[in-house]
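Reading through the structure tokens given below for one structure.
The values are calculated or read from the model by the stated rules, or taken from the named source; none is laboratory data. Just so it is clear, the model here is predicted, and its values are computed rather than measured. Because the Cβ atoms are built from the backbone with ideal geometry, glycine has one as well, and the counts that use them run over all protein chains shown.
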């Protein structure tokens, strides 16, 4: 895959990436972890409840700067049985941020994250 250069001096890169979680449940899961000299612009997150008869609720939050204080983006978001929820608000993570998600109960929810990874020079 080609990594196009950004800026006039050709410093840094900007690449479309994706991440996923097969079987999100009530245990905290890390969806994206910041790395030094990177900025991540999250484009969309798709949550799909695979259970055909169990409604679920999802939580998504950021541990900003790894200070241990969770900043919630979703708190008890309903996710009906056999349905999909798409979070399409864009937000940015930096080098010491972590994006986490979980469900309220034992569940079987698949998650797909699409984002832009900008590496600074």
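Taken together, the residues in the stretch 21-68 that are exposed (fewer than 13 other Cβ atoms within 10 Å of the Cβ) and either part of a strand (DSSP E or B) or in contact with a helix residue (DSSP H, G or I) (Cβ under 6 Å, 6 or more places away or on another chain) (or both) amount to 3. Filtering 67, 86 for residues that are on the phi < 0 side of the Ramachandran plot and free of Cβ contacts under 8 Å to residues at least 12 places away in the same chain leaves a single hit, 67. The residues on offer are 93, 99, 74, 120, and the sole one that is surrounded by 13 or more Cβ atoms within 10 Å (Cβ to Cβ) and at pLDDT below 95 is 120.
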